[in-house]
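**Student:** Just passing along the structure, written as structure tokens.
Throughout, read-outs are computed from the coordinates displayed, never taken from laboratory work. Just so we're clear, the structure is a prediction, and the values are computed from it rather than from any experiment.
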Amino acid sequence: MNKNYSLPSILSRDFWKIILRGVSQVMFQENCWGGALILAGIFWGSYSSGFGEVAWGALIGSIVSTLTGYILKLSPEEGDMGLWGYNGVLVGCAMPTFLGATPLMWLTLTLFAATSTWVMVGMNNILKRFKVTAYTFPFVLLTLFVLLATRVMHGLPAPYLSIPELPGPFSSTLQIDALSLTQYWLKGISQVFLINSAITGIIFIFALWICNKWAAIWACISSAIALGIAIMLECDSHYIANGLFGFSPVLTGIAVGCTFYKVNWRTAIYAIIAIVITVYIQAAMDTMVVPWGLPTLTAPFCITTWLFMLPQLKLNKCNRI
């Protein structure tokens, strides 16, 4: 690949390959075709639910965060892998999901997508001594700052944020039949990009399969385990039905099950435990942020994966560690 990282190269095919790899890197893949399919799934899910701006936010976030890497002349190797863009694409998905589609929202999205690139680099510089990376935590941190700021920034309306309230009892209206369970399971995968669509979940599985079949398998296993645990523990039916207990376990399963460790029975057991723990941490963090009316985003995935990667166990590690 041409290593000329000057700004004019943004019109080249290589630049757009990097953009798409950045999209796929959210799920630990380095594949432009997989990224293209994931982006297609985002467009399908957002437009089918009447929130087409989420898809455009994802694209803008990825472009802006990648351009920031060019401007700052960051590591060309990381740029080629798409590592400049994966936090930016999530910022781009989140802002239109929770905020009104105003000019100030698009300005905020652009600013924080760019910021996510150097925050990722900074966090990686700190965490490399522990042999872990920032994962999607720059996205989590920056997005939560923006969402909290909207409580006093009335020029930046957030009509889709939850109303702050204390956790309380709820009535379970969950439908337990094959079709409903399949939809919940698929939404657990689609919600990685804040998309509430079973069809998008199918597209994401296919995208992962063409990148790495084990990533697709672990995404399916992780969402299924998370769904089963959430139902068994009688978690909030609204969260279950919309896949909100699945997306962080999906990322945890892919990370521990086949990205940072080689696939074998020992790492499989370790990954399954990590997936289950992620569900508990998800529920705990939901309880923490409900009084603020905030989402957890992918924080449960980041915390759990750090907890499981920091021990640096000898479980046939992959070269990515």
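**Student:** Could you give the length gained on full extension between residue 179 and residue 265, defined as 0.36 nm per residue of separation minus the Cα-Cα distance, in nm?
**Tutor:** Details: separation 86, 0.36 × 86 = 30.96 nm, distance 3.09 nm.
Extending this stretch completely gives an extra 27.9 nm.
**Student:** When Rg is the radius of gyration of the Cα atoms in segment 168-321 and Rh is its Kirkwood radius, what does Rg/Rh come to?
**Tutor:** On the way: Rg = 15.0 Å, Rh = 15.5 Å.
With Rg and the Kirkwood Rh in hand, the quotient comes to 0.97.
**Student:** Taking the Kirkwood radius as the inverse of the mean 1/r across Cα pairs, report the Rg/Rh of segment 57-197.
**Tutor:** Numbers: Rg = 17.6 Å, Rh = 16.8 Å.
That ratio equals 1.05.
**Student:** Quick one: what are the phi-derived ³J(HN,Hα) couplings along segment 38-51, Karplus 6.51/-1.76/1.60 with θ = phi - 60°, whole Hz, x for glycine and proline?
**Tutor:** 4, 4, 4, x, 5, 5, 4, x, 6, 6, 5, 9, x, 10
**Student:** Also: Any chance you could count the Lys pairs in the chain whose alpha carbons are under 25 Å apart, treating pairs 8 or more apart or on different chains as valid?
**Tutor:** For the chain, the number of qualifying lysine pairs is 19.
**Student:** Determine ³J(HN,Hα), in whole Hz, for all residues of segment 219-235 in sequence, where each value follows from phi through the Karplus function 6.51 cos²θ - 1.76 cosθ + 1.60 and θ = phi - 60°; x replaces Gly and Pro.
**Tutor:** Values, residue by residue: 4, 5, 4, 4, 5, 5, 4, 4, 4, x, 5, 4, 5, 4, 8, 6, 6 Hz.
**Student:** Under the Karplus relation 6.51 cos²θ - 1.76 cosθ + 1.60, θ = phi - 60°, what is the ordered set of whole-Hz ³J(HN,Hα) values for segment 236-242, x standing for Gly and Pro?
**Tutor:** Here the 3J(HN,Hα) series is 3, 5, 4, 5, 5, 5, 9 Hz.
**Student:** Under a 5 Å amide H to amide H cut-off, with H placed in plane at 1.01 Å, what residues pair with residue 261 once short-range neighbours are removed?
**Tutor:** 318
**Student:** Nearest 500 deg cm²/dmol is fine: what mean residue ellipticity at 222 nm does the chain get from its DSSP H runs of n ≥ 4 alone, each adding -39,500 (n - 2.57), divided by its residue count? Let's see the in-between values first.
**Tutor:** Numbers: 14 runs with 202 residues, N = 321.
When only DSSP H runs of four or more count, the value is -20500 deg cm²/dmol.
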